[in-house]
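Participant: What follows is a single structure, and I will ask about it in a moment.
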Amino acid sequence: MTQLKLCGIRSKQDYDLVSQYSEVDYIGFIFAESKRQVKPEIVKQWINEDSPASHVGIFVNPSIEEVLETIDFAPIDIIQLHGNESTSFLHELKSKTNIEIWKALPHTPETIGKMDNYVDTVDGFVIDTKVQGQWGGTGIRFDWDAIPTYVRYSQRMNIKCLIAGGINPSNVEECLSYKPIGIDLSSGIETNENKDREKMNGLIERMNQYEHSIS
Ligand SMILES: O=C(O)c1ccccc1N[C@@H]1O[C@H](COP(=O)(O)O)[C@@H](O)[C@H]1O
């Protein structure tokens, strides 16, 4: 089954809702400046450490100290970097944390070249839509005809790659038809800034329907 990451958890209620679905592989928290920003000491109170899902912390151009302080508080399994972080920063971060690091990159004609720069340093990629002045969580999709290129690259390099940006219950089957390794959603499962049970049910139902239709 396609890997599933749900991101931008803002409350215990959001966390408990998304944790109910066995299909969820990753649960993400935004520690960067955003309407979805959460504090590590609060996140620590929400996380169930026995959860089968991995917990992902999202940062944008953080300092090493900021990441270390955050993961000291909150039991985070994966660091996702959504800014302009350099490979030397990533090396240093890896040596100081020794946990999985994913690099988020905006989809552009140059993205594969950028992945080449990072591939030996990171454990995974997230490809998101490029939106001027925003780092992520935009609810806007990119041209999904590009997905197979990212899939081929990540299979060749044996590295994880999730597709993000504007995926929602209404278009998830179309997205899955491009055969991504994993998908990452935030806005698409929200209503009035909360994760929405109906949208979650719709998402999982359609993902399961798609999987059955190809099996
Ligand atoms: O969601 C945010 O507020 C956010 C802020 C800063 C960096 C990344 C952010 N979210 C990431 O965006 C995609 C999901 O986007 P969408 O809302 O589904 O279009 C995902 O990678 C989040 O980690």
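Participant: Return the calculated 222 nm mean residue ellipticity for the chain, to the nearest 500 deg cm²/dmol, obtained by summing -39500 (n - 2.57) across DSSP H runs with n ≥ 4 and dividing by the residue count.
Facilitator: Mean residue ellipticity, 222 nm, calculated: -10500 deg cm²/dmol.
Participant: What list do you get for Ile159, Ile101 if you sort them by fewest beta carbons within 10 Å?
Facilitator: The order, fewest Cβ neighbours first, is Ile159, Ile101.
Participant: Oh, and also: For Asn201, put the label point 7 Å out on the Cα→Cβ axis and report which residues of the stretch 21-53 keep their amide N under 20 Å from it.
Facilitator: Answer for the stretch 21-53: 21-24.
Participant: Next up: Calculate the FRET efficiency for Asn84 and Tyr178 from the Cβ-Cβ distance with a Förster distance of 35 Å, rounded to the nearest 0.05.
Facilitator: 0.80
Participant: Work out the FRET efficiency for Thr191 and Asp77 from their Cβ-Cβ distance, taking R0 = 22 Å, and round it to the nearest 0.05.
Facilitator: Calculated value: 0.20.
Participant: Fewest first, what order do Arg10, Arg152 take by the number of other Cβ atoms within 10 Å?
Facilitator: Arranged by neighbour count, lowest to highest, Arg10, Arg152 become Arg152, Arg10.
Participant: If you take the Cα Rg of the chain and divide it by 2.2 N^0.38 Å, with N the number of residues, what do you get?
Facilitator: 0.95
Participant: When we measure straight from the Cα of Lys44, which aspartates and glutamates land under 12 angstrom away, once same-chain ones fewer than 8 places off are left out?
Facilitator: Lys44 reaches Asp72.
Participant: A further question on this structure: Could you list which residues have their amide H under 5 Å from that of Leu162, counting only those 5 or more apart in sequence or on another chain, with H placed in the peptide plane?
Facilitator: Phe125, Val126, Ile127
Participant: Want the number for Ile64 to Asp143: 0.36 nm per residue separation, take away the alpha-carbon distance, what's left? Intermediate results must be reported in sequence, preceding the final value.
Facilitator: Details: separation 79, 0.36 × 79 = 28.44 nm, distance 3.37 nm.
Result: 25.1 nm gained on full extension.
Participant: Mind sorting Phe125, Phe73 by how few other Cβ atoms lie within 10 Å of their own Cβ, fewest first?
Facilitator: Ranking Phe125, Phe73 by Cβ neighbours within 10 Å, fewest first, gives Phe73, Phe125.
Participant: Apply the Karplus curve 6.51 cos²θ - 1.76 cosθ + 1.60, θ = phi - 60°, to the phi angles in the stretch 156-170 and return the couplings in whole Hz, x for Gly and Pro.
Facilitator: For the stretch 156-170, the Karplus-derived couplings read 4, 8, 6, 9, 5, 8, 9, 9, 10, x, x, 7, 8, x, 6 Hz, x marking Gly and Pro.
Bear in mind these aren't lab numbers, they're just calculated from the coordinates by the rules spelled out. Because the structure is a prediction, the values reported are computed rather than measured. In this analysis, Cβ positions are derived from the backbone assuming ideal geometry, glycine residues included, and neighbour counts consider all displayed protein chains.
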